[in-house]
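The values are calculated or read from the model by the stated rules, or taken from the named source; none is laboratory data. A quick note: this is a predicted structure, and the numbers were derived from the prediction, not measured. Please note: Cβ atoms are built from the backbone with ideal geometry, for glycine as well, and neighbour counts cover all protein chains shown. What goes into the accessible areas is simple: the full protein's heavy atoms, side chains included, and nothing from ligands, DNA or RNA. Shrake-Rupley method; radii C 1.70, N 1.55, O 1.52, S 1.80 Å.
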2 protein chains.
Amino acid sequence: MALQLLTHREGLGKLQQALSAVDAEIKTCSTCSNISLGDPCHICTDDTRDAGSLCVVEGVDDLWAMERSGAFKGYYHILGGVVSAIDGVGPEDLTIDQLVNRVEKGAFEEVILALGASVDGQTTAHLISRKLKPLGVDVSALARGIPIGAEVDYMDDGTLSLALKGRQVF
Amino acid sequence: MALQLLTHREGLGKLQQALSAVDAEIKTCSTCSNISLGDPCHICTDDTRDAGSLCVVEGVDDLWAMERSGAFKGYYHILGGVVSAIDGVGPEDLTIDQLVNRVEKGAFEEVILALGASVDGQTTAHLISRKLKPLGVDVSALARGIPIGAEVDYMDDGTLSLALKGRQVF
């Protein structure tokens with residue numbers, strides 16, 4: 001990429017312009033921390049969405065994944081990461097206080113924690129759940145189980161245990 | 001492997017003996033189709049297991065995976081495959097009739113379908129469920145969702161939709 005730019009110098013200016021346009025035009029939503037052309041973002045300003053449910057995700061890529069699936073119609077809150085002892089990320093580095101604020105003020109009936117099924121993701125989910133439950137809101141988490149297309153004999157023990165525990169009436 | 005046997009002829013006899021020992025000693029359980037040293041197998045003859053629940057799996061490898069997880073304490077039924085239009089496998093090629101027989105006779109309260117989350121697996125699950133429900137037994141299936149260790153943004157749309165639909169109170 002660097003060589004391409006060095007040998008095609010006319011690209012340098014365009015890239016500079018694009019970078020400054022990104023810097024000038026792409027905003028971080030002060031409500032949900034999504035990136036968008038405006039603040040508040042196009043999701044927070046969309047009145048047609050389900051005002052009762054809030055989905056908590058780790059990053060913008062997770063929000064995109066949820067939107068791509070088309071399954072969720074409510075609003076989002078981006079944490080900006082998960083607490084991690086190894087990476088030195090504490091609760092104060094995330095937007096947990098803003099989340100508590102939104103839930104206190106908002107008319108959300110349910111908060112859905114769509115965090116990764118890793119140790120850090122689950123630690124963060126527990127932390128948030130402890131802060132939100134006293135506010136009288138329903139807190140739920142994405143189902144753990146066997147992903148579509150997967151075979152039973154290739155699944156790890158933990159996933160099989162959770163899939164069995166969370167089995168659903170057929 | 002073939003070259004190893006050709007150059008170390010003394011191995012040929014041992015392998016022949018091992019193969020004939022397998023043929024003579026390893027039995028297929030006439031109840032659940034598991035492979036074991038006896039018929040009925042060591043699981044079907046284990047009185048300490050939960051007699052109320054029956055887990056339906058595709059093959060012996062799936063039974064091993066469930067046993068390895070330690071989460072299931074009931075009995076098993078091995079189908080010997082799943083119905084598949086492409087592979088030309090019909091319901092009559094599987095042990096579905098034997099399964100219906102066992103449920104009719106047995107004191108099972110719940111049948112858990114632990115089949116793969118593929119199209120063929122789900123078709124088979126629907127087929128079995130239609131045959132078992134009139135017998136008054138509870139039919140459930142392993143939870144679909146996000147496997148342990150997985151990140152939300154790497155999951156496919158279908159899995160995310162199912163994980164959201166099957167979300168559990170935190």
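Things to note:
- When chain A is treated as a Gaussian network with alpha carbon springs shorter than 10 Å, the biggest mean-square fluctuation among A:Gly116, A:Gly38, A:Gly145 belongs to A:Gly145.
- Estimated distance in nm for a label pair at A:His126 and B:Asp93, the labels positioned 7 Å out from Cα along Cα-to-Cβ: 4.7 nm
- Couplings 3J(HN,Hα) of segment B:151-156, computed from phi: 9, 4, 6, 9, 7, 6 Hz, in residue order, whole Hz [Karplus 6.51 cos²θ - 1.76 cosθ + 1.60, θ = phi - 60°; x for Gly and Pro].
- Rg of the Cα atoms in segment B:8-72, relative to 2.2 N^0.38 Å, amounts to 1.45.
- Applied to segment A:11-21, the Karplus parametrisation 6.51 cos²θ - 1.76 cosθ + 1.60 on θ = phi - 60° returns per-residue 3J(HN,Hα) values of x, 4, x, 4, 5, 4, 4, 4, 5, 6, 5 Hz, with x for Gly and Pro.
- Exposure rank, largest accessible area first [A:Leu54, A:Leu15; 1.4 Å]: A:Leu15, A:Leu54
- Coordinate range of the alpha-carbon atoms in segment B:61-170 per principal axis, descending: 45, 34, 28 Å.
- Nonlocal Lys pairs with alpha-carbon distance under 15 Å, the protein assembly as shown (8 or more apart, or different chains): 6
- Among the protein heavy atoms, those of B:Glu109 account for about 130 Å² of accessible surface (1.4 Å probe, every chain in place).
- Computed P(r) (all Cα pairs; segment B:1-142; 5 Å bins; percent): 2, 9, 17, 19, 16, 11, 8, 7, 5, 3, 2, 0, 0
- Dividing the helix sum by the residues of chain A, where each DSSP H run of 4 or more adds -39500 (n - 2.57), gives a mean residue ellipticity at 222 nm of -11500 deg cm²/dmol.
- Segment A:1-148: relative contact order as a whole-number percent, Cα under 8 Å and 6+ apart: 18 percent
- With its label point put 7 Å out from Cα toward Cβ, A:Asp39 sits 7.4 nm from the same residue's point in the other copies, in order from shortest.
- Exposure of B:Ile35 as accessible area (Å², to 10), given a probe of 1.4 Å and all protein chains: 70 Å²
- The value obtained for segment B:85-129, namely the Cα convex hull volume divided by the number of residues, is 70 Å³ per residue.
- Computed over protein heavy atoms with a 1.4 angstrom probe, the accessible surface ordering of A:Arg49, B:Arg167, largest first, is B:Arg167, A:Arg49.
- Contact order, relative form, for segment A:91-170: 27 percent (alpha carbon pairs under 8 Å, 6 or more residues apart, mean separation divided by residue count).
- Measuring only protein heavy atoms, the 1.4 Å probe finds B:Asp47 accessible over about 140 Å².
- Relative pair counts by distance (%), Cα atoms of segment A:38-120, 5 Å bins: 3, 14, 23, 27, 19, 10, 4, 1, 0
- Site pair B:Asp46 and A:Val119 shows an inter-label distance of 3.0 nm when each label is modelled 7 Å from Cα along Cα→Cβ.
- Most to least accessible of B:Thr7, B:Thr159, B:Thr31 (protein chains only, probe 1.4 Å): B:Thr7, B:Thr31, B:Thr159
- For the protein assembly as shown, the Stokes-Einstein estimate of translational diffusion at 4 °C and a viscosity of 1.567 mPa s comes to 55 µm²/s, using the Kirkwood hydrodynamic radius over alpha-carbon pairs.
- Extending 7 Å from Cα along the Cβ direction at A:Glu104 and again at B:Lys27 yields two label points whose distance is 7.0 nm.
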